[in-house]
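Each remark here refers to the structure printed beneath this line.
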Amino acid sequence: MYTLPRMSSLTTSSRSVAVIGGGPAGLMAAEVLSRAGVRVDVYDAMPSLGRKFLLAGVGGMNLTHAEPHAQFVARYGARRAYIEPLLDTFGPEALRAWAQGLGIETFVGSSGRVFPKEMKAAPLLRAWLHRLRTAGVQLHVRQRWLGWTEDGALRFATPQGECHVRADAVVLALGGGSWARLGSDGAWAPWLEQRGVAVAPLQPSNCGFDIAWSEHFRTRFAGQPVKPVVARCVDAAGNEHCQQGEFVVTASGVEGGLVYALSACLRDTITANGCATLLLDLAPGKDQQQLAAALAKPRGSQSSANHLRRQAGIEGVKAGLLREVLAKEEYADPARLAAAIKAVPLSLIAPRPLDEAISTAGGVTFEALDANLMLRAVPGVFCAGEMLDWEAPTGGYLLTACFASGHAAGHGVLAWLGEVQR
C-alpha cells in the first residue's frame with residue numbers, strides 16, 4: 001500500500017475535494033469547485049474519463065431537449081419533485097450556454113432534441129477536460145474506489161497497489177449499474193449501505209424486454225423494426241401510459257425507443273404482477289370499424305396475406321405479430337382481426353439484464369440526502385448523477401439531470417465547506 005501524493009495545483013485554496021467518477025456529473029462538480037478556487041482531484045476507475053458519455057454520443061450526441069419546461073420536468077415521473085429544483089438552477093438552456101462556452105455550438109433537431117453541430121461527444125469532452133486541467137483540476141485514472149478505511153480515508157485500488165486519500169469533502173458520481181465495462185457497475189452500493197445510507201435496489205431502465213416468441217416468428221423477424229405503432233400499457237396502480245413510435249423485434253423479445261419510453265411502467269408491472277401486457281395499435285389513425293368493414297370484403301382469389309395488406313395496410317412483421325398472438329379462427333374473423341390490429345397484446349416476461357440497459361433506476365434515495373445532495377449519514381460526502389434514485393427516458397433528459405445534479409453537488413460542497421470553515 002502507498003499514499004497517493006498530492007499533485008501540484010494552480011489554485012490557492014487550502015481546501016481539497018475528491019471527486020470520484022469522471023462522467024458528466026463528476027466533471028461538472030469538479031468545474032464548479034475549481035472555479036471557486038478549491039483544489040480538486042478527480043478519480044476514475046477506467047483508463048480514460050467520460051467513457052459512457054462518449055458511447056452515448058456514438059449515434060449523435062443528444063445533449064438535452066428543447067421542449068417547454070413543464071413537459072421537460074414531467075419526464076422525471078415520481079422523482080420530479082427532487083429533480084426539478086436542480087433543473088431550475090442548471091437546466092437545458094444553461095447547459096447549452098455552458099457548451100457554447102466550450103466552443104461547442106448546438107442546434108435543435110426536428111424532434112426537439114438538442115445536439116452539438118458536429119453531432120459528436122468527443123470534441124466537447126476534449127475541450128472540457130482541457131479547461132479543467134488548465135483550472136488546476138488533477139485527473140487520476142485507473143483508480144477504483146473501494147470505500148473507506150476504518151479511520152475515514154478513501155481507499156483506491158491502483159496499478160501500483162492500494163492507496164489511501166484524504167480530502168475535506170467528497171463528491172461521489174459513480175454512475176448506476178448498467179454498462180459495467182464502461183465503469184458503471186454499482187459496486188459502490190454495499191459501501192454506502194454499511195455507512196447507514198439508504199440505497200434502493202438498482203434496476204434496468206430504458207431497457208428491452210423478453211417475450212416467449214415462437215421459433216418461427218423469432219427466426220423470421222428478429223432484427224426487424226415495427227413502425228409506426230402506438231403502444232399502451234397499464235401500470236400496477238391502474239394508470240395508462242401511451243406512446244407512439246417504433247421498436248425492434250429481437251430474438252429474445254423487443255427493444256428500441258418506443259419500448260424504452262414505457263420501460264418503467266412495464267418493469268414495475270412485471271415486478272408487481274409477474275408479467276406485463278403491451279398493447280400495440282398497428283394501424284394508428286385508422287378506425288377499428290372501418291378496418292373491420294374493409295377486411296369483411298370478399299377477397300376472391302387473393303391470399304389472406306394479400307387481402308390484409310390491401311385492405312388494412314398490414315404486412316411483413318406486423319402481419320407476423322398478428323399471427324403470433326391470434327388463433328386461426330380469430331384471424332379469419334374480420335371483426336376480431338380488426339380489434340387485434342388496434343390492440344395486439346404482447347406478454348412481456350422480464351426486463352433484459354441490468355448491464356444491457358441504457359440507464360439505471362434505483363440508487364441513493366433522496367431521503368438519504370439533504371437539500372445540497374449531501375449524505376445525511378456521512379457529512380461531507382455528496383452524491384450526483386445516475387447513482388441517485390431517479391430515472392428518465394432517453395432524449396436528452398438523462399444527461400441534463402446528470403449535469404444538473406453535478407452542478408448542485410459542487411455548490412453544495414462549497415456551502416458545506418464555508419460552514420465548516422466558520
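Here Ala198 meets each of (1) buried (at least 16 other Cβ atoms within 10 Å of the Cβ); (2) in contact with a strand residue (DSSP E or B) (Cβ under 7 Å, 6 or more places away or on another chain); (3) modelled with pLDDT of 95 or more; (4) of a type in the set (Gly, Ala, Ser) with one exception, condition (2). Could you check, for the range 306-313, whether at least one of its residues is closer than 18 Å to Asp268 by Cα, in the same structural domain as Cys242 (by TED's automatic domain parsing) and among the polar types (S, T, N, Q)? Checked the range 306-313: no residue is closer than 18 Å to Asp268 by Cα, in the same structural domain as Cys242 (by TED's automatic domain parsing) and among the polar types (S, T, N, Q). Do we have any residue at all in the range 201-221 that's of a type in the set (A, V, I, L, M) and within 30 Å of Trp148 (Cα to Cα)? Looking through the range 201-221, at least one residue is of a type in the set (A, V, I, L, M) and within 30 Å of Trp148 (Cα to Cα). Does Pro123 satisfy the criteria of being more than 20 Å from Val19 (Cα to Cα), of a type outside the set (A, V, I, L, M) and crowded, with 18+ Cβ neighbours inside 10 Å? No; evaluated as a whole, the condition is false for this residue. Screening Leu373 against (1) without any contact (Cβ under 8 Å) to a residue 40 or more places away in the chain; (2) under 25 Å from Asn239 (Cα atoms); (3) touching a Ser or Thr at 6+ places or on another chain (Cβ under 9 Å) leaves a single unmet condition, (2). Where strands (runs of 3 or more DSSP E) sit wholly within the range 192-264, those with at least 2 residues that are touching a Gly at 6+ places or on another chain (Cβ under 7 Å) occupy 199-205, 240-249, 253-255.
For Gly418, which of the numbered conditions (1) more than 21 Å from the chain's Cα centre (by Cα); (2) surrounded by fewer than 23 Cβ atoms within 10 Å (Cβ to Cβ); (3) touching a residue at least 12 places away in the same chain (Cβ under 8 Å) fails to hold? Against the list (1) more than 21 Å from the chain's Cα centre (by Cα); (2) surrounded by fewer than 23 Cβ atoms within 10 Å (Cβ to Cβ); (3) touching a residue at least 12 places away in the same chain (Cβ under 8 Å), Gly418 comes up short only on (3).
One line per residue, one yes/no per condition, for (1) surrounded by 24 or more Cβ atoms within 10 Å (Cβ to Cβ); (2) outside any loop (DSSP other than H, G, I, E, B); (3) in contact with an Asp or Glu (Cβ under 6 Å, 6 or more places away or on another chain); (4) not aromatic (Phe, Trp, Tyr):
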| site | (1), (2), (3), (4) |
| --- | --- |
| Ala371 | no, no, no, yes |
| Pro379 | no, no, no, yes |
| Glu386 | yes, yes, no, yes |
| Glu391 | yes, no, no, yes |
| Gly395 | no, no, no, yes |
| Ala401 | yes, yes, no, yes |
| Gly406 | yes, yes, no, yes |
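Taken over the range 265-282, the criterion of being outside any strand (DSSP E or B) and either among the β-branched types (Val, Ile, Thr) or more than 16 Å from Pro225 (Cβ to Cβ) (or both) is satisfied by Cys265, Leu266, Arg267, Asp268, Thr269, Ile270, Thr271, Ala272, Asn273, Gly274, Cys275.
For Ala180, the conditions (1) modelled with pLDDT under 95; (2) on the phi > 0 side of the Ramachandran plot; (3) not charged (D, E, K, R) are fulfilled apart from (2). A Cβ distance below 8 Å, combined with a sequence gap of six or more or placement on separate chains, defines the contacts here; from the range 386-405, residues that are under 13 Å from Leu86 (Cα atoms) reach residues that are among the basic types (Lys, Arg) in the pairs Trp390/Arg79; Tyr397/Arg75. Restricting attention to the range 1-35, the residues being at pLDDT 80 or above and buried (at least 17 other Cβ atoms within 10 Å of the Cβ) number 20. Name the single residue that is surrounded by the most Cβ atoms within 10 Å (Cβ to Cβ) among those in the range 75-120 being farther than 20 Å from His407 by Cα and among the acidic types (Asp, Glu). Residue satisfying both the conditions and the ranking: Glu118.
Restricting attention to the range 139-183, the residues being of a type in the set (A, V, I, L, M, F, W, C), within 11 Å of Ala45 (Cβ to Cβ) and surrounded by 21 or more Cβ atoms within 10 Å (Cβ to Cβ) number 3.
The values are calculated or read from the model by the stated rules, or taken from the named source; none is laboratory data. Values in this document were obtained by computation on a predicted structure and should not be read as measured data. In this analysis, Cβ positions are derived from the backbone assuming ideal geometry, glycine residues included, and neighbour counts consider all displayed protein chains.
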